[in-house]
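Visitor: One structure is given below, represented as structure tokens, and several questions about it will come after.
The values are calculated or read from the model by the stated rules, or taken from the named source; none is laboratory data. For clarity, every value in this text was computed on a predicted model and none was experimentally measured. Ideal geometry is used to build each Cβ from the backbone, glycine not excepted, and the neighbour counts take in all protein chains shown.
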Amino acid sequence: MGGLLRSGDQLQCPHGGHVRDLKFSTRVRIEGQPLVLGPFQSPIVGCPAPDPCRSVSWVTVSPRLRIDGQPVVSSTDYSLAEPTGSPVTAASFSTRVGVH
Ligand SMILES: [Zn+2]
């Protein structure tokens with residue numbers, strides 16, 4: 001399993017657009033930051049592509065770690081930007097906490 005995404009981590013499409021309005025856990029934090037919960041569809045803003053990415057949809061989310069019944073998003077989960085089909089990746093994520 002990869003690192004877990006925190007609220008301060010940036011999710012980006014390959015063109016540099018940013019994912020907004022992520023869902024967070026208010027109960028579990030890493031380094032003081034809430035964890036990102038999935039799956040969800042969130043808007044992408046600032047994509048400079050001629051046919052810009054508008055939203056992100058999660059294709060896979062690990063079912064192994066859940067908070068309040070919702071899966072926690074990790075760096076190995078796979079997401080796509082709509083409507084371009086480009087992969088959305090995290091610019092940074094915590095590698096310091098794994099699943100115990
Ligand atoms: Zn884009």
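Visitor: Within region 1-41, take every residue that is among the β-branched types (Val, Ile, Thr) and touching a residue at least 12 places away in the same chain (Cβ under 8 Å) and give me the one that is nearest to the ligand (Cβ to nearest atom).
Guide: That would be Val19.
Conditions (1) surrounded by 13 or more Cβ atoms within 10 Å (Cβ to Cβ); (2) touching a Pro at 6+ places or on another chain (Cβ under 8 Å); (3) not in a loop (DSSP other than H, G, I, E, B), marked per residue:
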{"residue": "Asp9", "(1), (2), (3)": "yes, no, no"}
{"residue": "His15", "(1), (2), (3)": "yes, yes, no"}
{"residue": "Asp21", "(1), (2), (3)": "no, yes, no"}
{"residue": "Ser25", "(1), (2), (3)": "yes, yes, yes"}
{"residue": "Val28", "(1), (2), (3)": "yes, yes, yes"}
{"residue": "Leu35", "(1), (2), (3)": "yes, no, yes"}
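Visitor: Do the conditions hold for Val59, that is, is it part of a strand (DSSP E or B) and surrounded by 13 or more Cβ atoms within 10 Å (Cβ to Cβ)?
Guide: Answer is no for this residue.
Visitor: Condition first: within 15 Å of Pro87 (Cβ to Cβ) and in contact with a Ser or Thr (Cβ under 8 Å, 6 or more places away or on another chain). Can you find one or more residues in region 19-30 that meet it?
Guide: yes
Visitor: Additional query: Name the residue that is nearest to Gln33 (Cα to Cα), counting only residues in region 46-85 that are among the basic types (Lys, Arg) and at pLDDT 85 or above.
Guide: By that ranking, first place goes to Arg66.
Visitor: Looking only at region 42-56, which residues are assigned to a loop (DSSP other than H, G, I, E, B) and in contact (Cβ under 8 Å) with a residue 40 or more places away in the chain?
Guide: Cys53, the sole residue that qualifies.
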